[in-house]
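Asks: Sharing a structure here in structure tokens format.
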Amino acid sequence: MVSLKSSSQKDDENPFQKGRNIKEKLIRSVLFIFASLAVIVSALIIFTLLEGSFNFFLGPEGSMLEFFFGTNWMPSGGDPSFGVLPLLMATLVVGGGATLIATPIGLAASIYLAEFAGDKVRNIVKPLIEMLAGIPSIALAYFALFTISPLFRVHFGASYFNMASAMIVISIMVIPIIVSISDDAITAVSSELEDGSLALGTTRWETTKNVIVPSASSGIIGSVLLGLARAVGETMVATLVAGSVANLTFSPLEEGQTMTAYMAQVAKGDIPPGAAIQAAFAVGLLLFIITYLIRLGGELITEHFTGGKEKKSHPFVRRAKERLERGWWRVKSILSTERDKVAALKNRYRKQKMGKVITFLCMIGPLLFLSYFIFNILRKGLPGMSITFLTSYPSRFPDKAGIFPVIMGSIYLISLTMVIAVPIGVGAAIYLKEFAPDKFYSRFLRRIIHNLAGVPSIVFGFIGYIILVEMFSVGGNLLSGSIILAFMALPIIEVSTEEALESVPDSFRDAARGLGATKWETVKNNVLPNALPGIMTGSILSLSRALGETAPILFITTMFAKNPPGGIFDQFMAMPTMIFYWTTHMKEEFQVLAATTIIVLLAILLTMNGIAIYIRYRTQKRRRW
Amino acid sequence: MSATAAKREIKTLEKGKKETTEETISIKNLDVYYGDNHAIKDVSLDISPYKITAFIGPSGCGKSTILRAINRMNDEISNCRMEGDIHWRGHKLLSDEVDPVILREKIGMVFQKPNPFPKSIYDNIAYGPKIHGVKDKDELDDIVEKSLKDAALWDEVKDRLEKNALDLSGGQQQRLCIARALAIEPEVILLDEPCSALDPIATSKIEDLLEELKEDYTVVIVTHNMQQAARISDYTAYMYLGELIEFGETEQIFENPQKENTEKYITGRFG
Ligand SMILES: Nc1ncnc2c1ncn2[C@@H]1O[C@H](COP(=O)(O)OP(=O)(O)OP(=O)(O)O)[C@@H](O)[C@H]1O
Ligand SMILES: [Mg+2]
């Protein structure tokens, strides 16, 4: 009895296993540090933004009053002015407009998916929507600039750069966010409510519209806000398509510079040093705060307002509402052509049919966009594709130019990113899930990691550049690029690892612990092997996302890197930034090369995603618990 | 189902209220499958109008499934298949000609767990009538009041009809769900363990209510509680593993069961 007890006791109290104990403690501390890195990074980001903003506001050119209320943003020239309102306005028009377009479409699509689509349709459409979400924004920006924007120019007299095309394309990025979260929210509504409504003799459409969607409203609103945060933080489309002239206008047909686009302009080096660059800190801080607040709002609504509680309204308001309602009903009954129940029923079925058709179209629409996008890129880019293109070096002559060092740059970049991000992300998750699951500090850590995922990529890139290149003199090289991307990829890796660990049943842990294994031994031998497929899937997906990112490495990559990087301190060029430079090139031949490079990038991403999906599929089939 | 078929349905479903034989719900050789799971095995019985019929039996024996067959709620479960038929008022309820949407207007249902919509009390009750075409606000007010009175809830909530239904107690919520079912004026009410989530006081309120309801409605109830079945029902059906073991007047079933299996169950020796 006694010996049994001692082996299952807490290991750090076991006097016979000192060696194991020290190792255990060491590992625990390392994991703790990994988990805490996100806090340091977040603190650095906030500190750097604040410090830069202070410097700007306290500097000779900066003035808080002008910044927040000035209507003129003119960072260069003899008499620069820094009124952020034009940038804010463009951000509102582009980001808000995109969300406004995406919301009804995304909601309708999720309604069709959750309520009307069979399993077969779901199994096809959901991965396609995920694929849509995985298209790098630089590729969509290319498409917007050369395919959507001309439509607005020709048919609506828009300017060359216009916010409308940016809006459309960003809405395509927002739709998958709204669809996937709203679909979750709608399917989570209890079947009891659904049954309760159907049992009253209502059609499925009536049930969906009156009971299910209202019950899922908090999740739906949350999804819209997350989508809005994404739209507001989008950089590449805004830069390439909406323009880079700050312009205080509501009209989407005109050019406008968003906050992200201004920061990208700084990244490109188009901005004279001095106050104009310092202003980027203030813009970055504002952007950071806005996206943070939007996301926070979304999370609060999703978490705390489930079940759609009604607000208490003032009796006066209630009476007025009731009077209005009575009036409206009278009008309806006068206008009504339904003479009897039969006609009414026919009408109800007609509404159901219409609802089904409309929501179906909203689901298909984004997929049509996806196929047209792919078709279009293939048509433009394929002619430029050749072995020479893949194996030769960039050149001033389009017919000789190739992307060999660029591909290698991306491969090295993503490999190094993996080497940094995976151990940290997985380690953090192990710490949070296995070692300190429910403490206050781990909840705080989780929150911080979560928030890191919401920092707009251009802010990441800018701050990363400032910290790594200017503060720590790492240099504009492979290493600093990887570090930036690693911290962007980290949250997804952490979250998916935690999910994978979560899915390993506790009995596996108890069995090993019961045999006297330490916590780490248990995790290493019994938990991690079973969670491995989930960890790999999450890691591959987040790395593929990082591979397609442009904005965060815009500050780091350089056109002067003519050769593949030979070491981690070498300069480099990556595919997304190459696409960016070629898209903005004056010569049309180079724009074709951009499309060809997009094809290469998409092919690599598709392969990575395919591998991830295959792993997920195989383990789902093989799972035995 | 097409609208013309629906039209036929409505016409026939609405005529003739108290023709007793027509009113009987006749279940004939009913088989229900969930995929490969044969959940109801060749069950036949007649449910008498304006009486309370109780289904009892151990968990998983198919009580809910039978109930959900009567108002075609099983149609909503994708892998569920039904064979045999249920006759009511000269209709074959399981045939394609019966539109479940109309059928459910005539055969209401109350579920095990109270499931009020996250709306106000008023809107919960008004929901069905509104969809079924009540266009006049005063008429709707009357319906709400009458349904709540019939469900013995009116006095408790008349001053807070605008409050969210989720703020009510469990027993009140269940009576609200009954009121919600009554508001569309069904002919039959199916109740699937309506009291299993309630305390004794709330339960006795609902039992009293059911006694009153059978004056105007055919009531079918599933219950786990033997005393409840004995107390309130006129007929009792005992089921076991998907089969109907015994069916008869409640008194006979409880006092003089013909089958050993039945006796074992009601004396609490298993189940
Ligand atoms: N939606 C479903 N899908 C698959 N099988 C089901 C489903 N609903 C019920 N079943 C199966 O059908 C059989 C009968 O179930 P049913 O719910 O009718 O039993 P019950 O008598 O109501 O049980 P309980 O007293 O637990 O409510 C069971 O074997 C059950 O597992
Ligand atoms: Mg049941």
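Asks: Residues B:Glu187, B:Glu207, B:Glu193, B:Glu162: which one is within 11 Å of another protein chain (Cβ to nearest Cβ) and of a type outside the set (A, V, I, L, M, F, W, C)?
Replies: B:Glu162
Asks: Quick one: is B:Lys92 more than 16 Å from ligand 2 (Cβ to nearest atom), open to solvent by 20 Å² or more (accessible area, probe 1.4 Å), more than 14 Å from chain A (Cβ to nearest Cβ) and within 25 Å of B:Phe254 (Cα to Cα)?
Replies: no
Asks: I'd like to verify a number: residues in region A:543-578 that are under 13 Å from A:Ile483 (Cα atoms) and in contact with an Asp or Glu (Cβ under 7 Å, 6 or more places away or on another chain), how many?
Replies: Within region A:543-578, residues that are under 13 Å from A:Ile483 (Cα atoms) and in contact with an Asp or Glu (Cβ under 7 Å, 6 or more places away or on another chain) number 0.
Asks: Somewhere in region B:109-120, is a residue within 10 Å of ligand 1 (Cβ to nearest atom), open to solvent by 10 Å² or more (accessible area, probe 1.4 Å) and closer than 26 Å to B:Lys146 by Cβ?
Replies: Within region B:109-120 (the criterion being within 10 Å of ligand 1 (Cβ to nearest atom), open to solvent by 10 Å² or more (accessible area, probe 1.4 Å) and closer than 26 Å to B:Lys146 by Cβ), the answer is yes, since at least one residue qualifies.
Asks: Would you check if A:Ala595 is modelled with pLDDT of 85 or more, buried (at least 22 other Cβ atoms within 10 Å of the Cβ) and out of contact with any Pro (no Cβ under 8 Å at 6 or more places or on another chain)?
Replies: Taking the combined requirement at face value, the residue satisfies it.
Asks: Further, regarding this structure: Go through (1) open to solvent by 20 Å² or more (accessible area, probe 1.4 Å); (2) away from ligand 1 (no atom under 16 Å from the Cβ) for B:Ser147 and report which single condition fails.
Replies: Going through (1) open to solvent by 20 Å² or more (accessible area, probe 1.4 Å); (2) away from ligand 1 (no atom under 16 Å from the Cβ) one by one, B:Ser147 breaks only (1).
Asks: A further question follows. State whether the residues of region B:188-197 include one that is modelled with pLDDT under 90, aliphatic (A, V, I, L, M) and within 16 Å of ligand 2 (Cβ to nearest atom).
Replies: yes
Asks: To continue, here is another question. Within region A:469-498, which residues are assigned to a helix (DSSP H, G or I), within 18 Å of A:Ile553 (Cα to Cα) and either open to solvent by 20 Å² or more (accessible area, probe 1.4 Å) or modelled with pLDDT under 90 (or both)?
Replies: Those that are assigned to a helix (DSSP H, G or I), within 18 Å of A:Ile553 (Cα to Cα) and either open to solvent by 20 Å² or more (accessible area, probe 1.4 Å) or modelled with pLDDT under 90 (or both): A:Val469, A:Glu470, A:Met471, A:Leu478, A:Leu479, A:Ile483, A:Phe487, A:Met488.
Asks: Among the residues of region B:161-184, is any open to solvent by 60 Å² or more (accessible area, probe 1.4 Å) and in a strand (DSSP E or B)?
Replies: Scanning region B:161-184, I find no residue that is open to solvent by 60 Å² or more (accessible area, probe 1.4 Å) and in a strand (DSSP E or B), so the answer is no.
Asks: Filter region B:150-160 down to the residues that are open to solvent by 20 Å² or more (accessible area, probe 1.4 Å) and touching a residue at least 24 places away in the same chain (Cβ under 8 Å), then identify the one that is farthest from the chain's Cα centre (by Cα).
Replies: B:Arg160
Asks: Moving on to the next point. Within the group A:Phe369, A:Phe435, A:Phe444, A:Phe404, which residue is at pLDDT 85 or above, of a type in the set (Phe, Trp, Tyr), surrounded by 15 or more Cβ atoms within 10 Å (Cβ to Cβ) and within 27 Å of the chain's Cα centre (by Cα)?
Replies: A:Phe369
Asks: Continuing with the same structure: Is it the case that some residue within region A:223-246 is among the basic types (Lys, Arg), open to solvent by 40 Å² or more (accessible area, probe 1.4 Å) and away from every other protein chain (no Cβ under 14 Å)?
Replies: yes
Asks: Of the numbered conditions (1) open to solvent by 10 Å² or more (accessible area, probe 1.4 Å); (2) under 26 Å from B:Ile201 (Cβ atoms); (3) modelled with pLDDT of 90 or more, B:Pro100 fails exactly one; give the number of that condition.
Replies: Of (1) open to solvent by 10 Å² or more (accessible area, probe 1.4 Å); (2) under 26 Å from B:Ile201 (Cβ atoms); (3) modelled with pLDDT of 90 or more, only one is false for B:Pro100: (2).
Asks: Restricting the search to region B:50-76, which residues are away from ligand 2 (no atom under 13 Å from the Cβ), part of a loop (DSSP other than H, G, I, E, B) and open to solvent by 10 Å² or more (accessible area, probe 1.4 Å)?
Replies: Matches in region B:50-76: B:Tyr50, B:Lys51, B:Arg72.
Asks: Counting only residues that are of a type in the set (Ser, Thr, Tyr) and more than 13 Å from ligand 1 (Cβ to nearest atom), how many does region B:23-61 have?
Replies: 6
The values are calculated or read from the model by the stated rules, or taken from the named source; none is laboratory data. Predicted model, so just to flag it, every value in this text is computed and none were measured. Quick reminder, even Gly has a Cβ in these numbers, built from the backbone with ideal geometry, and neighbours come from all protein chains shown. Surface areas here come from the heavy atoms of the whole protein model, side chains and all, with no ligands, DNA or RNA. Shrake-Rupley method; radii C 1.70, N 1.55, O 1.52, S 1.80 Å.
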